[in-house]
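Enquirer: Pasting a structure here, questions to come.
The values are calculated or read from the model by the stated rules, or taken from the named source; none is laboratory data. None of the values given here were measured: they were computed from a predicted structure. FYI the Cβ positions are ideal-geometry reconstructions off the backbone, even for glycines, and counts take in every protein chain you see. The protein model used for the area step is the full one, side chains on, heavy atoms only, and it has no ligands, DNA or RNA in it. Shrake-Rupley method; radii C 1.70, N 1.55, O 1.52, S 1.80 Å.
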Amino acid sequence: MIYSPDKIGKYKGADVVAEYMLKEKIPYMIGYAGHGAIGLLDSFYDKQDKIKIVWPRIETAAGFMADAYFRITKQPLPVYVSTGPGPALSICAVANAFYDSSAFLQITGQATTDQFDTGALQEQYRYHQADFGSSIRSYVKQSYQATTVKQISAFLPKAFKLMKTGRPGPVHLEVPYDIYQVEGETAVPDPEGWADAINWRTGTEDAVVAKILKKLKEAKRPLILAGGGVHVSEARDELKTFAELANIPVYTSLMGKGAMADSHPLHLGVQGCWGHYPAIEACRNADVILVLGCRFSDLHTGSWNPGFAYNIPATKLIQVDIDAAEIARNYPVDMGVVGDIRTVLNQLISKAQADGYMGDYADWHGEIAGFRKEWDDFVTPFETCDETPIDPRRLIFDIRKVAPKDAIMFSDVGNNQPWIEQYWSSETPGTHFTAGGFAAMGFGVCGVLGAKLARPDATCINVCGDGGFLMMPHAVATAVQYNLPAVWIIMNNYCIGAIRDLQRFYFGGRQIGTNFEKYEGTKYHDGELWNPDFAAMAKTMGGEGVRIEKPGDIAPAVEQAIKSQKPTVIDVIINRDTPLPLTTTWQMPPIPPALPTFGNIKIR
Amino acid sequence: MQRRGAASGNGAPLLHNMDIKETITSAWSDRDLYTGLSILEAMCVWSSECPGEALPEQMHDDMVKMFGLDAVQGERDLLLSTGVITLKNGGTVMDSKFYKPLSSLVNEKALCMQVFFNGIRFPIGEFMSGLGEYLVREAGATKQEQPCNDNCRLSLTWEDKAYEFRIAFSPVWLPAIADRAAENNMFVAALCPFAALQWEKTMISYYEYPSFRNHTACYDPWNNCKLNISKGGLFTYFDWYLRDAYGSKFSIPGTFSQALFDMGLLRYNDER
C-alpha cells in the first residue's frame, strides 16, 4: 500500500513529481517548457542542486538524450514537455526508445481538467477529451493520465516499475496543468516498495539448462547470437564467460554489437544486411544457434529469404528472451526459453562448470578461420586507402586509431549506421549504440549528449550523416550550454545516402528528393550539390568546427577534437558513390532481393 | 541383335516388353548412349506424368537444344521403329506397356554414372544412398519406400512436405513435373550433369513459372554447381551433406544469377 498514514500530507501535484524524482535519485530532468509544463518546472526550482534541468532546443532531442542516458546507465529519466506540439514532437523519441527496449518517462501536459472537451489550446478533443494517450499508446508500455494529485502518487512508482523491470520501455504520464498546481492529500511513495523490490530476473528450470547444454554439446557447428537483449540485461560479462567456457563462436545483431569485444578470438562480427562475412557464413552453416535476446528483424535476416543470412530450418534455434512474444515470432524454435539473459547465462555457466563442459568444435573453428581470412583480405586494404573523396572505411579506421579504447560510439541512422556497423571495432563491450528498430535520424546526434551526461569522463563520439546532423544541429548549442564536449563526425555526401542508394539500386538510379542540391530548373537531379558549412555552423554556436577533405587529415582532427574538450564538429567529405558492401540482403517487396556483393552468391 | 515381333497397326514392329530393353540397348551400341538414355528418360517421365498424351513440342525443342536435332531425330526414329512410341497429333506417345522396362533400363544405367569427390570415383547411387541416410539422421526426414524399387529416386517427407531427389541424365524432364509438384506442395531435385547440357538455353526460361522455381531444383555433382531458388527447406541439408560428407560446396552459375536478375527475381546492389 503506498499510503502509510504517517507520510500522508498536502502536496501540489508537481511537488509529488519532484519529491518522487528525488527519491528515485534522478540526476537530470530533460525537456522543453511550454505553458503546460511550467507548473511542473516550478516545483523543481528549489531542487536544482539535486536534479538538473537540461533543455535542448526541441522536445525530440530531449527524448533522444534520455533514451541514450538509459542505454548507458539503465536509469530512466523524466522528460517533460508541454501540451500539443511538444508531446507530438516527442513521439518520435518515445518510439525510438520503445523499439530498442530503452526507457524514459515522458511527462506531458494537458488542458486543465475543467476544460476537457472544450478544445482549449492544444487539447486533443475532437474524438475523445484530452486524448494524447491515443497517439502515444503504440510506443509505450503504459500511458497514464492523472486527473488527481493522488493519482500522480499512484502512477509514478508504477511507471518506474514498468520501465525498470522485464523488457524495458518508455512510459507516458499525462498531467493536466491544473493538477500540477492544486493540492491534494497524498503521500510521496518510496521506490523501495515498488520497482526496487521486484525480482524480475527470472531464470529457467534446471532441466531446461541441462537440455540446452546437451544440445550445444552434441552440435557440430554451434553459435551464440548476442542480440540487443544482452546489453539490456547487462549480460556482457556472462556472455564472455559462457562463450569461453563452451568454446562457442559468438556473433551479434546490430543492436547486440559490442556485446563482446570485436577483437575477441571467439567473436565473428555482426549478422545482417551490412554485417560481417565470417558471422554470416557461419550462420548459413550452423546447426544450432543459442539466441540471446534477438527478435530476428528483416535487416538482420536478409528479409527472411532462406540462404542469404540463415538456413532456418535446417539450423535449430534455442531462443532465450525475457519477452515471450519475441520467441518464435519469425522463425520456429527447437527450444524457447522465457527468461532474463543474464540469469539464464549464469545458470548455464554454473551447470557447465559443474559438468566440466568444454566444447571442442576444432573443425568448426577451422572452417570459420577460412571465412575470417576471406573477409580480412577484403577489408584490410581500406585501412590505408588514400583516395579522395575519402573512402568511408578509411574514415572509420582512422577514428578508431586515435579514439580511446573505451570511447562511446553513437552512430546515427542512414548509411553512417551500417558503415559503423561494419568497420567500427567496438573494443570495450557496451560502448556502441545505435537506433536499430524505429531508426530515427537524429538519435545519435542528440544521443551523444545523453551519453556525455551519463559518462562525463568518457570520450563520446557521434558519427552521423549530413542529413541527420542538419535535423538536429542545435545539439552543438546544447553541448556548449551544458559543457558537454561531444564530438560529431559528419559523413558528408550531400545526400541522404541510404535512401539515395535505394534509388540507385532498387529504382534504376532515378534520384529524386535525396540529394541536397540547389534547385536550378524543372528536372530532378540537375542542381549543384549544396550543404551549409557545418564547421562554421559549429563555430557560431560556440563549438569548434573543421572540414576534412583529405584522408591524412582525419586522424589529427579527431585527436585534436578529443583533446580539446570542446564540442567539435568534424565535417568529412566522403565518396558519395561508394556502395556499402552488401553481405546478405534486404528486400522491399515486391522488388526482388539483391544478391550480396561480398562473398559467393547465396541463394541457397 | 534385334528380335522383332509381329508388325503393329502403324507398320512398326511389335515387341514384347521383356525384349525391349535388349533391343534398345543393342541399337545404342553404335550411337551416343548418353543422348539415347537422356531422351528415353524424358519420354518415360512424360509418359508417367501424362499417360497417353503426346510429348509436348516445347519438351522436344528443349531436347533438340540440349542434344542436337540429328541425335533427337535418330532416337525418335529408333523408338518409332521399335514401336515404343507412336505418332499422335504430330507428336509421339509412349506405349504404356513399355514404360516399366524402359524406365528400369534408364534407372539401371543412371545408377552406374560415376561421380568424383576427394580424388575418389564412385557410383552416383552410392552418393544418393549416403544422402538418404544423412537426411534421415541429421534432418529427421522420413524415407518413403519406392513402389518399384526405383533406386534412382529418393523420396522423403520432412515437416509434412514431400521431397524427391532423382538421379537423372538431364534436367529436360523437370518442367514436366513442376505443376504437379506445386499442386501437391512437393519439392523435386534432379541430380544430373546439367552444366554440360546447354541448360542456359533451355532451363532458364522456366524460372518465369512459380511452380518451377518454387518446387524444383537442379544439382550437378559432376560440375559442382546448382540451380535452386526453391522454397524446399530440406535442400539446405543437401548443401550440408556435401559439406559434411565431401567437404564440397556447389556454386551457382553466374549466368543463372544474371538470368534471375533479368527476370526481376533478384537484384544486384550496384548500378549495372
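Enquirer: Build a GNM of chain B with springs between Cα atoms under 10 Å: which of B:Asp150, B:Asp30, B:Asp61 gets the top mean-square fluctuation?
Expert: Comparing B:Asp150, B:Asp30, B:Asp61 in the GNM, the peak value goes to B:Asp30.
Enquirer: So, one more: For A:Val288, which sequence-distant residues (separation of 5 or more, or a different chain) have an amide H within less than 5 Å of its own amide H, given hydrogens modelled in the peptide plane?
Expert: Those qualifying (amide H under 5 Å, at least 5 residues apart or on another chain) are A:Arg221, A:Leu223, A:Lys316.
Enquirer: Which value, in Å² rounded to 10, gives the accessible area of B:Arg31 with a 1.4 Å probe and all protein chains present?
Expert: The accessible area of B:Arg31 comes to roughly 90 Å².
Enquirer: Do any GluC sites (Glu not before Pro) in the range A:150-223 lie in a loop, going by DSSP, with at most 16 other beta-carbon atoms within 10 Å of their beta carbon, and if so which?
Expert: A:Glu205
Enquirer: Please identify every one of the chymotrypsin sites (Phe, Trp or Tyr not before Pro) in the range A:83-131 that sits in a loop by DSSP and has no more than 13 other beta carbons within 10 Å of its own beta carbon.
Expert: A:Tyr127
Enquirer: Here's another thing I want to ask about it. Taking the range B:76-172, how many lysine pairs are there with alpha carbons less than 29 Å apart, if each pair must be eight or more places apart or span two chains?
Expert: Within the range B:76-172, the lysine pair count is 10.
Enquirer: Rounded, prolate or oblate for chain A? Axes are the square roots of the Cα gyration tensor eigenvalues, ordered a ≥ b ≥ c, and the cut-off for rounded is a/c under 1.5.
Expert: Judged from the Cα gyration tensor, chain A comes out oblate (a/c at least 1.5, b/c at or above a/b).
Enquirer: Roughly how many Å is it from the Cα centre of the range A:535-604 to that of the range A:302-380, as a whole number?
Expert: 30 Å
Enquirer: A further question follows. For the protein assembly as shown, what proportion of DSSP beta bridges, expressed in % and rounded to the nearest 5, is antiparallel?
Expert: Taking every DSSP beta bridge within the protein assembly as shown, about 25 percent pair in antiparallel fashion.
Enquirer: Among B:Leu37, A:Asn493, A:Phe507, which residue has its Cα furthest toward the positive end of the charge dipole of the protein assembly as shown, with +1 on Lys/Arg Cβ and -1 on Asp/Glu Cβ?
Expert: B:Leu37
Enquirer: Kirkwood Rh, chain B, all Cα pairs: how many Å?
Expert: The Cα-based Kirkwood calculation yields 19.5 Å.
Enquirer: Let me know the mean shielding of A:301-311 by other chains, meaning the per-residue number of their Cβ atoms within 10 Å of its Cβ.
Expert: Going residue by residue through A:301-311 and averaging, the value is 2.
Enquirer: Per residue of B:249-260, what is the mean number of Cβ atoms on other protein chains within 10 angstrom of that residue's Cβ?
Expert: Across B:249-260, the average partner-chain Cβ count within 10 Å equals 2.
Enquirer: Next up: Rounded to the nearest 10 Å², what accessible area does A:Lys452 have for a 1.4 Å probe in the complete protein model?
Expert: 10 Å²
Enquirer: Write out the GluC sites (Glu not before Pro) in the range A:1-65 meeting two conditions: DSSP loop, and at most 10 other Cβ atoms within 10 Å of their Cβ. Intermediate results must be reported in sequence, preceding the final value.
Expert: Working: sites: A:Glu19, A:Glu24, A:Glu59; in loops: A:Glu24.
Filter output for the range A:1-65: empty list.
Enquirer: For chain B, the longest stretch holding no GluC sites (Glu not before Pro) located in a DSSP loop with at most 14 other Cβ atoms within 10 Å is which?
Expert: That gives B:160-270 as the longest site-free run.
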